[in-house]
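First comes the structure, then the notes that go with it.
The values are calculated or read from the model by the stated rules, or taken from the named source; none is laboratory data. All figures in this text were calculated on a predicted structure; none of them were measured in a lab. Counting neighbours? That spans all protein chains shown, and the Cβs are built from the backbone with ideal geometry, glycine included. For accessibility, only protein heavy atoms count, side chains too; no ligands or nucleic acids. Shrake-Rupley method; radii C 1.70, N 1.55, O 1.52, S 1.80 Å.
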Amino acid sequence: MQSTARVVVFFINPPNSNDLDADDVVDANDIVVSKGIQHTDWASFPHLGILSLASYVDALPDFESVYVDGVIHPLDSILAAIRERADRTLAVCLSAITANYEASIRIARAVRSLDSHIAIVVGNDHFTALNREILDRHGELIDCGFVGNEVYCGLVDFLRDRQRSRTTGVYPGSIRLEAGRIVADPAIREPVNRIIDYDLIDRTLPHTTVYTSNFTRRLGRRILALTGRQVHKGVPVEIGRGCINSAATMPVHSAPFSTAGCGKTNFQPITRGPPCAAHGKRATTTCT
């Protein structure tokens, strides 16, 4: 009997790590971060980083992306969603910042125990800054990690090789363990991803109702008071860190796995670097 094709790729913003144990706090003096859903900006917007990656991958043949925001859904619900699709799941991609890194590792352990054929991929700021320390400590749980900003083509190349049971290709922007040694593939310049499918936000688990409710309560009323305009939904645009696609530098922020967006609007393609295996393109993008 032919095995089920593995096409499902989860893109998960894990819960705040302190959320996992907050209900067990009994001492009023214990210091814990409040529930992520209570934070002003954590649960008012979609997570644009994982949505961008999920949209990009979902638009390609033979992949089905799943968007999950752990600020909205608790760990049990996330693992249940993975369990229901385990035999069709190719990879679980985790957006790791310091505040949710422990939760990321808990998800990775649970997935590894559930089905060792599911690849664990990690990215975002925490992995970008501490990738070698993370691989030294948790390398047995992480099949591939990505650093920096241009990670789309490398991720797709890794996922396609994984479908073919290959794991020793070149995946631009990745750092991983091979035969006990750390292998790092340099990033390549990529165009800005313009594929954003907002339908993914509610395709598997519902998110929009909570996002909209929180936005209206926390920001909508304030915007109305300041501008006289009634606004019900929004997305963040980060302009304080500079352009993530500057031709001059590669900042440490791993924007595709984060919530940041580019505040610039004048994009100019530049021909440079090796082609992307996913689309055969050599274009990169800078902002002016």
### Message
Given R₀ = 30 Å, what would the calculated FRET efficiency be for R217 paired with A59, taking r from the Cβ atoms and rounding to 0.05?
### Response
0.35
### Task
Using DSSP to define loop residues, name the GluC sites (Glu not before Pro) in region 95-141 whose beta-carbon has at most 15 other beta-carbon atoms within 10 Å.
E140
### Summary
When every protein chain stays in place and a 1.4 Å probe is rolled, R194, R132 sorted by accessible area with the largest first are R194, R132
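Expected output is a single nm value to one decimal: the length gained when fully extending between N193 and L130, i.e. 0.36 nm times separation in residues minus the C-alpha distance. What is it?
20.1 nm
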### Accessible area, probe 1.4 Å, largest first, for residues R160, R176, R229
R229, R160, R176
### Query
How big is D, in µm² s⁻¹, for region 99-181 by Stokes-Einstein at 37 °C and 0.692 mPa s if Rh is the Kirkwood radius over C-alpha pairs?
252 µm²/s
